[in-house]
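Have a look at the structure below, then the notes.
The values are calculated or read from the model by the stated rules, or taken from the named source; none is laboratory data. Everything numeric in this text was worked out from a predicted model, so none of it was measured. Quick reminder, even Gly has a Cβ in these numbers, built from the backbone with ideal geometry, and neighbours come from all protein chains shown. Only protein heavy atoms, including side chains, enter the accessible area calculation; ligands, DNA and RNA are left aside. Shrake-Rupley method; radii C 1.70, N 1.55, O 1.52, S 1.80 Å.
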Amino acid sequence: METVQNQVLHQAAEAILDDVISYRRHIHKTPEIGFSEFKTSDFICAQLDRLGIPYQRGIATTGVVALIETDKNAKTLLIRADMDALPMQENPDCPFASEIDGMMHACGHDAHVAMLLGTAALLMQFRDKLLCNVKLVFQPNEEFEGGAEPMIAAGVLENPKVDAAIAAHVTNDVPVGKISLKYGELMASPDDFNLTIHGRGGHGAWPHNCIDPIVIGTQIVNAWYTLSARYTTPLEKHLISVNKFHAGTSFNVIPDDAYIGGTVRTFNETVRREIAKRMEEIAHQYAAAFGATCDFDFGFRYPPLINDTAITDAVHQSASDILGEDNVIINTVPNMGGEDFAYFAKEVPATYIDLGTGNPALGATMPLHRSNFTIDERGMLYGMLSFCRFALDFGR
């Protein structure tokens, strides 16, 4: 079977780009946080109905899974878009700014949904050229508890069984018209920790009558940083970052308690577990040494995101074909951010694409999670082209 020519695919994608931009702006105006994306799900389902694509909704509360089926015996490719927004106020300068107070699509998930809907429309247009099934996954709550794991638990990787998965994230660090691929380690495990130190408060003029949780806390933090620097191999990428330390209410009162929290980022499961164990040991030992007690909690969140070599190679080839070799950047440096697409990548061969939306002429320069974050919406065109070209090539 002959495949779709690149020029034809380009023309088809250009023809629907205005619709895709309108989808993105509609979703941008009505952001919803994780597991509350009911209106977003309604909008997605309305577009799928219009395209005649069957779907299931209400998966992991608000998730939607659609299937473009060509052959029950064919391979199945999963393409994922996350749907949730962030609980933050948007800069009102945006002409289609959020209409929901205190909520904003500051991470580009509105573009991810719109782009996947556009991809669905293109694949339906060229359905007779598809040699694989395509499962379109609109996932809730990437930002916080994570919607990927409950979607997998609900069976999203089965019926039909998924053979590979891909996803993309907009970024202004990459110029519009380009994508960035990374082999192997891409993002770390974004684990978190909380420590409460129980001392004995009193007057700041008589510290010898107290058990000062602030002093104990500073010793624990220093020991944790030494643990990261001296008791784990420097060849393993990892970090411990203390980002909150709350204690006391008055200049002359030693408080009873101190509260410390932060994040640990790792790529290696053994190192991940060992750091958690040693951090807890250090906290209890230092607290006991000064006569205090403590409560330590370590939250194991998403696994590290590791891109599969074979799938990354295949995406590289398809994207180079449709975008041009010069527009596919091979990144060699992983980052310490986290992404729950890692759950999909842990179960099936997968790769995660950084999609260029940066354009200084349009003010698309801000990093993610900023109140004035914006993108060059034309970047969605190249995301759709990359998704569609790979889907059309998959299984050949």
Segment 233-292 and segment 306-351: distance between their alpha carbon centers, rounded to Å
34
Portion, in percent, of the accessible area of the chain that falls on carbon or sulfur, probe 1.4 Å
51
Over the chain, with a Gaussian network built from C-alpha contacts below 10 Å, which listed residue (Phe298, Phe290, Phe344) shows the highest mean-square fluctuation?
Phe290
GluC sites (Glu not before Pro) in segment 45-141 lying in a DSSP loop, each with at most 12 other Cβ atoms within 10 Å of its Cβ, come to Glu99
Name the most mobile residue of His112, His238, His28, meaning the one with the largest mean-square fluctuation, in a Gaussian network model of the chain with Cα contacts below 10 Å.
His238
Taking only Cα atoms of segment 180-277, what ratio of Rg to Rh do you get with Rh as the Kirkwood inverse-distance radius?
1.13
Rank Ala276, Ala289, Ala168 by mean-square fluctuation in a GNM of the chain with C-alpha springs under 10 angstrom and give only the top-ranked residue.
Ala289
Lys and Arg at +1, Asp and Glu at -1: add these up for the other residues within a Cβ distance under 13 Å of Val264 and post the number.
0
For segment 213-329, what is the accessible area per residue in Å² when the probe is 1.4 Å?
52
For Lys29, the lysines lying under 24 Å Cα to Cα, once residues fewer than eight places off in the same chain are dropped, come out as Lys39
Cα to Cα, under 28 Å, and not fewer than 8 places away if on the same chain: which lysines meet these conditions relative to Lys237?
Lys178, Lys182, Lys277, Lys346
Restricting to lysines and to Cα separations under 18 Å from Lys75, and discarding same-chain partners fewer than 8 apart, the set is Lys129, Lys135, Lys161
What is the chain's relative contact order, in percent, from Cα pairs under 8 angstrom and six or more apart in sequence?
24
Just to be sure I follow: if Rg is taken over the C-alpha atoms of segment 204-350 and Rh is the Kirkwood radius over the same atoms, what is Rg/Rh?
1.17
Please state, rounded to one decimal and in Å, the Kirkwood hydrodynamic radius that segment 15-86 gives when every pair of distinct Cα atoms enters the mean of 1/r.
13.5
Compactness ratio of segment 91-212: Cα Rg over 2.2 N^0.38 Å, N = residue count?
1.72
Solvent-accessible heavy-atom area per residue, rounded to whole Å², over segment 1-91 at 1.4 Å
46
Just to confirm the filter: which GluC sites (Glu not before Pro) across segment 176-277 are DSSP coil and have at most 16 other Cβ within 10 angstrom of their Cβ?
Glu236
Might you tell me the accessible area per residue for segment 158-210, computed with a 1.4 Å probe and given in Å²?
39
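Given Cα pairs under 8 Å that are at least 6 residues apart, what percent is the relative contact order of segment 1-152?
Computed over segment 1-152, the figure is 33 percent.
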Descending Cα extents along the principal axes, segment 48-155, whole Å
48, 32, 19
Value of [θ]222 nm, deg cm²/dmol, for the chain, DSSP H segments ≥ 4, -39500 (n - 2.57) each, nearest 500:
-11500 deg cm²/dmol
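Just to confirm the filter: which trypsin sites (Lys or Arg not before Pro) across segment 100-180 are DSSP coil and have at most 16 other Cβ within 10 angstrom of their Cβ?
Numbers: sites: Arg127, Lys129, Lys135, Lys161, Lys178; in loops: Lys161, Lys178.
Answer in residue order: Lys161.
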When the convex hull of its Cα atoms is projected in every direction, mean area for segment 1-55 (nm²):
5.5
If eta is 0.692 mPa s and T is 37 °C, what Stokes-Einstein diffusion coefficient results for segment 292-386, Kirkwood Rh from Cα pairs, in µm²/s?
204
quick note, the chain, DSSP beta bridge pairs, % antiparallel (nearest 5) is 65
